[in-house]
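Read the structure below first, then the notes.
The values are calculated or read from the model by the stated rules, or taken from the named source; none is laboratory data. Keep in mind that this is a model prediction, so the values were computed, not measured. When we count neighbours, we look across all protein chains shown, and the Cβ atoms used for this are built from the backbone with ideal geometry, even at glycine. Calculation scope for accessible area: heavy atoms of the full protein, side chains included, ligands and nucleic acids excluded. Shrake-Rupley method; radii C 1.70, N 1.55, O 1.52, S 1.80 Å.
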Amino acid sequence: MSEEKKPEELAKGYEPGHVEKKWYQFWLEKNYFAVDEKSTKPTYSMVIPPPNVTGVLHMGHALNNTLQDILARYKRMQGFNVLWLPGMDHAGIATQLVVERQLAKEGIKRETIGREKFVEKVWEWKEKSGGLILDQQKRLGISVDWDRSRFTLDEGLSQAVKKVFVDLYNEGLIYRGNRLVNWCPRCQTAVSDLEVKHTETKGSLWHIKYGDLVVATTRPETMLGDTAVAVNPDDPRYKKYVGQKIKLPLTNREIPVIADSYVDMKFGSGVVKITPAHDPNDYEMAKRHNLPMISIFDSKGVVNDAGGVYKGLKNIDARKKVIEDLTALNLIVKEEPHNLSVGRCDRCDTNIEPMLSDQWFVKIKSLAAPAIKVVEEKKIQFIPENWTKTYLDWMYNINDWCISRQLWWGHRIPAWHCTTCKKIVVALETPKACPCGGALEQDKDVLDTWFSSALWPFSTMGWPEKTKLLEKFYPTSTLVTGFDIIFFWVARMIMMGLHFMKDVPFDTVYIHALVRDERGQKMSKSKGNTVDPLELVNDYGTDSLRFTLASLVGAGRDIKFSEDRLDGYRNFINKIWNATRFALNALQNVKLQTKVNESELDLPDRYIVHQLKVTIDEVTKALEEFRFTDAATSLYKFTWNEFCDWYLELSKPVLYGTDEKKKSQSGYVLIETLNRVVRMLHPFIPFITEEIYHLLPNHGESVMIQPYPKSDEAFLKLGSEKAAKEIELIKEVVTSIINIGTATLAALIGAGGYGTPIVTGLALNDIPTILQGAIPAALMSLIAYVLFEIADRIFIPKGLR
């Protein structure tokens with residue numbers, strides 16, 4: 001028996017708080033999470049999707065971290081040398097916004113203190129408050145190699161980022177150009193599609209006279225930048241106008257009428273205005289027809305010189321004035337309600353303005369081609385498979401990537417502009433002067449956060465240096481992530497890995513679901529339906545949360561999360577605890593027999609060992625195929641139904657009997673089975689399994705470093721399929737008796753399953769004692785089980801069972 005605690009000292013219910021702190025600290029002290037670079041074991045590696053430095057733990061993180069930890073613990077127990085590398089993203093826009101708001105409370109603007117001082121302030125904030133999520137992750141029990149944690153702005157990664165930029169530039173794959181981008185007037189920077197959230201908004205569709213034509217538009221203020229109107233070439237109403245010029249209202253300009261098949265003849269009047277500098281579809285049309293592009297807004301969304309008399313007006317004010325002037329000229333035919341999708345900055349909720357801007361771009365087509373090929377050839381596999389099509393569809397239609405951001409926090413672009421000849425010098429180290437002798441000024445922009453994240457699988461292992469870690473663990477094995485960043489992170493890691501490492505960054509991409517509320521709605525603060533994982537951990541324990549998430553993940557896109565499910569799996573955790581208490585109490589004075597023959601074992605023992613073998617196979621196969629829910633379901637059914645409900649009941653006559661040899665043999669089977677149950681469950685629920693493992697008489701240093709059970713172990717040869725079938729027959733009979741007895745007793749009592757029994761004078765606890773002399777001991781436990789089960793169904797409300 002374990003020396004840590006005596007069975008009678010164990011709490012009647014599992015108490016996770018103290019247990020979780022104790023064992024996580026134990027694992028850290030033992031250095032179990034660390035990878036061994038010198039080991040000859042087969043390798044398994046993962047890089048954690050780096051959370052934002054501004055982030056706090058949410059349900060998406062809880063799910064993602066849980067699934068990765070299941071894989072990491074499972075693979076370690078299988079004998080792999082596991083590298084699970086943690087880290088954090090500097091989150092350019094989000095972090096700069098946080099610090100700007102803090103300074104604003106002190107009445108300070110970043111422009112006032114300047115770039116260098118502001119960046120110092122951000123680093124100070126990062127050291128004090130940033131990375132809170134890393135400590136929160138530890139509450140989930142994740143087994144990452146904390147000593148290897150990386151930050152996307154640390155020195156090593158900065159060198160990797162600069163080298164990639166310089167190399168791509170020298171290869172002609174990075175260029176600077178004036179193109180249309182998503183622009184945030186509040187953050188004063190270009191943003192990626194990922195950082196734009198689209199919301200349905202009630203707006204208007206104005207029909208405006210452009211000479212003989214009527215144009216339909218949702219943004220009349222942008223007409224100041226129109227360079228054409230367009231019709232569909234197949235629209236018979238307007239064929240005669242194609243090639244003509246018309247006067248643009250409110251201006252002194254004439255613009256052409258063009259024909260383009262993009263125009264929807266059924267939308268509005270079938271005539272659309274073309275404003276290339278402020279609409280992505282118009283921009284593409286302008287390139288096809290070689291139209292000029294006129295920007296009418298400055299970076300803050302204010303009308304510039306090109307807007308004529310409207311100069312100085314904010315965009316929303318310009319709209320009101322334009323409509324007012326058009327109305328005065330009797331040029332508005334009608335205004336009608338129209339729902340439209342408005343893009344807003346994900347960080348500050350400001351309306352995004354499509355704008356022409358000088359930015360840095362990556363030519364993406366040549367990088368995308370090999371990244372398409374490796375997925376089509378199954379060198380990288382998406383699970384579930386349907387995400388392969390999603391990935392390929394986007395990759396085949398990929399556009400050049402805008403990688404510059406007009407921020408102060410981030411990787412400064414390693415490019416310098418000559419003040420004399422205007423040449424751009426791109427270099428790893430700061431050049432002293434331009435080749436022409438002129439002074440150089442470094443580009444003010446920083447790189448998109450996703451640029452550094454795209455290098456994550458190899459930059460975190462020391463690249464561009466040829467480190468032992470990189471040689472041993474790249475390519476990584478598995479990437480676990482959400483579907484919302486397939487394009488913005490997964491695809492870019494594949495492209496960069498292939499280009500710079502000449503190999504895929506991982507062979508498997510497991511795409512997990514999105515955690516929604518119990519009604520299927522996306523969790524958001526505005527809806528008030530967010531759930532704090534740490535509050536759930538405090539209330540239910542980490543293991544309950546982890547097992548709930550693993551049980552719900554399935555193969556779908558959404559998880560409908562509710563605390564009812566969490567409460568149910570907390571009961572499961574307690575079931576395991578109570579089964580352990582029973583086993584240890586029943587066997588505390590029993591010397592276990594370790595040399596046992598199948599022929600000597602009772603039917604229940606042979607049955608449970610067989611079912612254990614079947615479950616090991618099921619769970620192992622499910623985990624190898626990333627079917628986390630199936631693995632969790634198999635573990636739940638075996639542990640609760642087979643082991644706790646049936647086997648322990650069937651074992652009681654022997655364990656409480658007087659035949660010491662039988663007791664010793666059954667006790668051996670019980671403890672060996674429980675040991676394997678604990679080991680199988682450990683990747684899912686690490687804390688309670690470590691606690692229970694140390695209570696078992698056959699425990700070692702830690703369950704975490706024990707081998708994962710295999711179905712070919714010598715102990716499992718004691719199982720019998722024939723015994724399992726016989727027990728199944730008994731279970732069917734007993735279940736039928738319970739069902740009949742329940743219905744009969746309910747009818748007699750007249751309680752309908754919920755009333756107060758009228759039978760008095762005899763306690764159910766007395767019945768087994770009364771029957772003991774007449775019925776063989778082997779059946780006594782089953783009879784008691786039947787009676788208690790009937791009573792449970794009759795007298796206890798369904799919701800409380």
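Could you give the accessible area per residue of segment 604-657, probe 1.4 Å, as a whole number in Å²?
Solvent-accessible surface per residue comes out at 34 Å².
Before anything else, pin down the relative contact order of the chain: Cα pairs under 8 Å, at least 6 apart, normalised by residue count, whole percent.
Reported relative contact order: 15 percent.
Describe numerically, in nm with one decimal, the distance between label points set 7 Å from Cα along Cα→Cβ at residue 254 and at residue 28.
The answer from the label model is 7.7 nm.
Restrict the search to segment 53-161; then list the trypsin sites (Lys or Arg not before Pro) that DSSP places in a loop and that have at most 11 other Cβ atoms within 10 Å of their Cβ.
Answer by residue number: 109.
I'd like the carbon and sulfur percentage of the solvent accessible area for segment 542-672, probe radius 1.4 Å, heavy atoms only, ligands and nucleic acids excluded.
Ligands and nucleic acids excluded, carbon and sulfur give 44 percent.
From a point 7 Å beyond the Cα of residue 425 in the direction of its Cβ, which residues of segment 443-487 have a backbone N at a distance under 15 Å?
443
Quote the Stokes-Einstein diffusion coefficient, in whole µm² s⁻¹, for segment 260-354, based on the Kirkwood radius over alpha carbon pairs, a temperature of 20 °C and a viscosity of 1.002 mPa s.
The Stokes-Einstein estimate is 139 µm²/s.
In sequence order, what are the phi-derived ³J(HN,Hα) couplings for segment 647-656 according to the Karplus relation 6.51 cos²θ - 1.76 cosθ + 1.60 with θ = phi - 60°, rounded to whole Hz, with x for glycine and proline?
In residue order, the calculated couplings are 5, 4, 5, 5, 7, 4, x, 6, 5, 9 Hz.
In terms of modelled amide H atoms, which long-range or inter-chain residues lie less than 5 Å from the amide H of residue 477?
Excluding prolines and chain starts, which carry no amide H, the hits are 45, 46.
Cβ under 13 Å from residue 380's Cβ, residue 380 left aside: what net charge do those residues give with Lys, Arg +1 and Asp, Glu -1?
For residues surrounding residue 380, the net value is -2.
Would you mind calculating the gained length between residue 600 and residue 309 on full extension (0.36 nm times residue separation, minus the Cα-Cα distance), in nm to one decimal?
Full extension of this stretch gives 94.7 nm more.
What ³J(HN,Hα) values, in whole Hz, does the Karplus curve 6.51 cos²θ - 1.76 cosθ + 1.60 give for segment 566-579 when θ = phi - 60°, with x put for Gly and Pro?
Result, rounded to whole Hz: 4, 5, x, 7, 5, 4, 5, 4, 5, 4, 5, 4, 5, 5.
Evaluate E = 1/(1 + (r/R0)^6) for residue 56 and residue 262, where r is the Cβ-Cβ distance and R0 equals 45 Å; express this FRET efficiency to the nearest 0.05. Please report the intermediate quantities before stating the final value.
Working: r = 44 Å, r/R0 = 0.97.
The pair residue 56/residue 262 has a calculated efficiency of 0.55.
Given R₀ = 35 Å, what would the calculated FRET efficiency be for residue 147 paired with residue 539, taking r from the Cβ atoms and rounding to 0.05?
It comes to 0.65.
Along segment 725-731, what does the Karplus equation 6.51 cos²θ - 1.76 cosθ + 1.60 (θ = phi - 60°) give for ³J(HN,Hα), rounded to whole Hz, x for Gly and Pro?
5, 5, 5, 4, 5, 4, 4
Taking H placed 1.01 Å from N in the peptide plane, check which residues at least 5 places from residue 297 or on another chain put their amide H under 5 Å from its amide H.
Answer set, sorted by chain and number: 304.
For helix 315-328, what angle does its Cα long axis make with the longest principal axis of the chain, in degrees from 0 to 90 and rounded to 10?
50 degrees
Restricting to DSSP loop positions (anything but H, G, I, E, B) with no more than 12 other Cβ atoms inside 10 Å of their own Cβ, which trypsin sites (Lys or Arg not before Pro) remain in segment 524-630?
Sparse-neighbourhood loop trypsin sites (Lys or Arg not before Pro): 525, 527, 591, 595.
Shape call for segment 152-261 from the C-alpha gyration tensor, a ≥ b ≥ c root eigenvalues: rounded (a/c under 1.5), prolate (a/b greater than b/c) or oblate?
Values: a/c = 3.12, a/b = 2.17, b/c = 1.44.
Verdict is prolate for segment 152-261.
With mean projected area of the Cα convex hull in nm² in mind, check (1) 45.5; (2) 33.6; (3) 40.0 and report the label derived from this structure.
From the options (1) 45.5; (2) 33.6; (3) 40.0, the structure gives (1).
When the accessible area of segment 208-336 is computed with all protein chains present and a 1.4 Å probe, what percentage of it is carbon and sulfur? It would help to have the intermediate numbers written out before the result.
Working: 3220 of 6370 Å².
The nonpolar share, carbon plus sulfur, comes to 51 percent.
So which trypsin sites (Lys or Arg not before Pro) in segment 190-284 are both in a DSSP loop and have at most 16 other Cβ atoms within 10 Å of their Cβ?
Numbers: sites: 197, 202, 209, 237, 239, 240, 245, 247, 253, 266, 273; in loops: 237, 253, 266.
Listed in order of number, the matching sites are 237, 253, 266.
Mind checking the angle between helix 603-624 and the chain's longest principal axis? C-alpha axes, 0 to 90 degrees, to the nearest 10.
10 degrees
Stokes-Einstein at 20 °C, 1.002 mPa s, Kirkwood radius from Cα pairs: D for segment 17-121 in µm² s⁻¹?
Here the translational diffusion coefficient equals 125 µm²/s.
Above 15 angstrom, tally the Cα pairs of segment 596-676 and express them as a % of all pairs, no decimals.
57 percent
Report, for the chain, the % of DSSP beta bridges that are antiparallel, rounded to 5.
Roughly 70 percent of the beta bridges in the chain run antiparallel, per DSSP.
At a threshold of 8 angstrom on Cα-Cα distance, excluding pairs fewer than six apart, so keeping six or more, what relative contact order does segment 248-384 reach in percent?
16 percent
For the chain, what is the calculated [θ] at 222 nm in deg cm²/dmol (nearest 500), taking -39500 (n - 2.57) for each run of four or more DSSP H residues and dividing by its residue count? All intermediate terms of the calculation are to be shown ahead of the outcome.
Working: 26 runs with 330 residues, N = 801.
The helix contribution divided over the chain gives -13000 deg cm²/dmol.
Taking the Cβ of residue 249 as the center, what net charge do the other residues with Cβ under 15 Å away carry, scoring Lys and Arg +1 and Asp and Glu -1?
So the environment of residue 249 carries a net charge of +2.
Give me Rg/Rg_expected for segment 306-357, where Rg uses Cα atoms only and Rg_expected = 2.2 N^0.38 Å with N residues.
1.43
Would you please give the residues with an amide H less than 5 Å from that of residue 409, counting only those at least 5 places away or on a separate chain, with H modeled from the backbone geometry?
Amide H neighbours of residue 409: none.
With a cut-off of 8 Å between alpha carbons and a minimum separation of six or more residues, what is the relative contact order of segment 408-563 in percent?
17 percent
If you average 1/r over all unlike Cα pairs in segment 397-470 and invert the result, what Kirkwood radius do you get in angstrom?
Values: mean 1/r = 0.0693 Å⁻¹.
Result for segment 397-470, one decimal place: 14.4 Å.
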